Amino acid sequence: AKVVQEWDASHERMLQSGLLGDETGTIKFVIWKEPGKESLAPGSVYNIFYAQVDEYNGRLSLNLNTAMVMQEEGDIAVSGGEAAVSGAIVHVAPGSGIIKRCPVEGCNRALSRQNYCPVHEIQPKFTYDLRIKGWLDDGEKTHSILLQRDVVESLTGISLAAAQEIAENNPLGMDEVFLQMRDKVLGRYITCHGREIENRVIVNKCEPVTFESEKHTALLNRAGGAS
Ligand SMILES: [Zn+2]
């Protein structure tokens, strides 16, 4: 977990309190003054074992006095937690549609057109996957979204197998999948549920938005003003 915030001590016996985060979310932590206890460095990443979980007013926090804490090298992505955003898909970014992934265990990175993994070089035995990267406009703000395979399949009605068939047999190949999927999702109103990681919502579920005229007007005004 990464120390994402450090707060002023609210008690004289308190050595440090703040917020720890990882890819699943954030949680408050406390360290009480005790011989041998040291504070954590803000921005640093730690492996934490045997922390005691306290509950106060329905909120969980970690007491690190009993914990074994080891500092780690490097950085990790911290999630802002569960997110739900509603609006219109106003942009579908390149790299959406059917993609190839690196088959090396634990890698799964997207490959380039020439089947290159940024870490493992050329990978002719790639696996296929679907994703849509884009922007969702809620009328006030544009959210960066990443739709995962299940969501892409249900939203576009194009399965991974069907997309693979197009990619391997259509003259335009993977570009044809991109174009067909873009046609099906651009301008659609959806509600996306997922996790927010580094200012992007990783969407694992979505559903059509029921029409709300006020929001619709705001979006149209905004779209009209921007063009
Ligand atoms: Zn790789």
*Does at least one position in the range 117-128 carry a residue that is within 16 Å of the ligand (Cβ to nearest atom) and of a type in the set (D, E, K, R)?*
yes
_Taking the conditions exactly as written (more than 16 Å from the ligand (Cβ to nearest atom), part of a loop (DSSP other than H, G, I, E, B) and of a type in the set (A, V, I, L, M)), does Leu179 satisfy them or not?_
no
*Complete set of residues in the range 17-37 that are at pLDDT below 90 and loosely packed, with under 11 Cβ neighbours inside 10 Å*: Gly36
_Within the range 99-115, considering residues that are within 9 Å of the ligand (Cβ to nearest atom) and not hydrophobic (A, V, I, L, M, F, W, C), the one nearest to Ala161 (Cα to Cα)_ = Arg101
*If you check Val90, Val85, Val78, which single one turns out to be more than 16 Å from the ligand (Cβ to nearest atom), β-branched (Val, Ile, Thr) and touching a Phe, Trp or Tyr at 6+ places or on another chain (Cβ under 6 Å)?*
Val90
_Wholly within the range 55-145, strands (runs of 3 or more DSSP E) carrying at least 2 residues that are within 21 Å of the chain's Cα centre (by Cα) and crowded, with 19+ Cβ neighbours inside 10 Å_ = 79-92, 97-101, 127-137
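The values are calculated or read from the model by the stated rules, or taken from the named source; none is laboratory data. Everything numeric in this text was worked out from a predicted model, so none of it was measured. No Cβ is skipped: glycine too gets one built from the backbone with ideal geometry, and neighbour counts run over all protein chains shown.
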